[in-house]
Structure formats: structure tokens, C-alpha cells
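Working notes, beginning with the structure itself.
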Amino acid sequence: MNKKIKVSVIVVSLNTLIDFKKTINSINSQTFKKFEIIVIDGGSTDGTIKEIKKNKNSFSNYLIERDNGIYHAMNKGIKLSKGKWIIFMNSGDTFHKKKTLENFFSEDVKEHDIIYGDTIVNSKKLKYLVESTAFDNKTLSMPFCHQSVFVKSILLKKKNFSLIYKYSSDFEFFFNCFERKKKFKRINMIISNVKSGGLADKKR
């Protein structure tokens, strides 16, 4: 890519071919084009790898190899990223609107480290809004979805997600940022649509 990359969208996949296509199409349909897509696949056997290679020119980078869980895969994506901001998408997740990235960069983002918004969760029977909340000293679980938060890449490159925790390393990372007084900002915007039933969702 020869354009200046402002945001890295890291997509983690494993045997989710139909959902993977949906996510990639959502990213590529964004009106804001200064992004890169990085795909980390854990060794799919359902045709996802063929789809990745078919569309490899759409990706800044991709990596296909076994990993030790979702946070290990996310850390691999962080290492390959070149954008100033990072956002993660799991297969099946999509941006809420085609102008999501455009609207994000129209916000005052320069003075903040972590910027988050709301999420639409799709289950088999219903669709509902999950409004994000702020971190404080009493926060015990994620106050926003990781698919609806933009993080300055320098933070993630300095401190990757811990591999000690199987389901809560994203919470550990953001709480550590809160304790180190990094600047959080909530924006009044729905950022992503996500599927319910992911690993962290099931183990909550």
C-alpha cells in the first residue's frame, strides 16, 4: 500500500468462511480509505485460507499458522500493523455504517489514547444495543466491546495482550491503561455490529 495508513483493522479468523467474507466486505466498503487490513488465521480447514489467498491484494499483510488462542493471534496482528490506530474485528463482525471510519476521524481524536463507542449485538433471535461505559476503580468487566474501540498502536506495541488469561486479556490491557492514566474518550456513535456467542461471551 502506498497511501498513508491511519488505522489498522486486524481480522482474526478460524474456520469461519462465510463470516470472514462478510467482515472483509464491510471493511472494504468504508468510504474512508486510509486503512489497512491485516488477517491472522489460525489454520482454517473450511476454505477460509483459499479465500484469504484469493483476496491477498486487499490485505496489507496476512499470516496463516496455528496459534495459542485469540489473544496470541491478536498480538501477531499488532506486530504486523502500520497504522496509528488499531481496531480488531472477529469474523462475522462488521462496521455499523459505511461511514464509520470517516465519522471516527471527523472526531477530535488527537489528544486521546483510547476511543470507544457503542455496539449492536446480533443473536439468533434478536438484535440489541450495548452502550459503552467508562472505566473507574470499581469496573469489573469490559465496559465496551473490543470491536468498538480504537487504540493508539504505540500502546499495544509496547504492551501486548497477556497470554496468561484465556478470556479476559483485553480487560486486563485496558484496565492497565486506566491505571497508567491513559486518555480514554467515549464517542456517541455505534461503531460495530457483532455476533453473540464468541468465546468471551460464552465464558462471561
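The values are calculated or read from the model by the stated rules, or taken from the named source; none is laboratory data. This is a predicted model, so every value here is computed, not measured. Neighbour counts run over all protein chains shown; Cβ positions are idealised from the backbone, glycine included. Note: areas computed on protein heavy atoms with side chains; ligands, DNA, RNA excluded. Shrake-Rupley method; radii C 1.70, N 1.55, O 1.52, S 1.80 Å.
Any residue that is surrounded by 13 or more Cβ atoms within 10 Å (Cβ to Cβ), assigned to a helix (DSSP H, G or I) and without any contact (Cβ under 8 Å) to a residue 60 or more places away in the chain - is there at least one of those in the stretch 112-132? No, that holds for no residue.
Each residue in the stretch 163-192 was checked for being closer than 24 Å to GLY92 by Cα and either open to solvent by less than 60 Å² (accessible area, probe 1.4 Å) or assigned to a helix (DSSP H, G or I) (or both), and 11 pass.
Filter the stretch 84-106 for residues that are out of contact with any Asp or Glu (no Cβ under 9 Å at 6 or more places or on another chain), open to solvent by 50 Å² or more (accessible area, probe 1.4 Å) and not charged (D, E, K, R) and give the result. First the steps, then the outcome.
Quick first cut of the stretch 84-106, residues out of contact with any Asp or Glu (no Cβ under 9 Å at 6 or more places or on another chain) only: 84-87, 89, 94-95, 97-106.
Those still in the list that are open to solvent by 50 Å² or more (accessible area, probe 1.4 Å) too: 84, 97-99, 102-103, 106.
Within the stretch 84-106, ASN103, SER106 meet the criteria.
Taking into account only those residues within the stretch 1-18 that are touching a strand residue (DSSP E or B) at 6+ places or on another chain (Cβ under 7 Å) and outside any strand (DSSP E or B), which is most open to solvent (accessible area, probe 1.4 Å)?
Just the residues of the stretch 1-18 that are touching a strand residue (DSSP E or B) at 6+ places or on another chain (Cβ under 7 Å), to begin with: 1, 5-14.
Next cut, outside any strand (DSSP E or B) only: 1, 5-6, 14.
Working: MET1: 116, ILE5: 29, LYS6: 73, LEU14: 98 Å².
Among residues in the stretch 1-18 that are touching a strand residue (DSSP E or B) at 6+ places or on another chain (Cβ under 7 Å) and outside any strand (DSSP E or B), the one most open to solvent (accessible area, probe 1.4 Å) is MET1.
Residue-level check: of (1) surrounded by 19 or more Cβ atoms within 10 Å (Cβ to Cβ); (2) part of a strand (DSSP E or B), GLY77 misses just (2).
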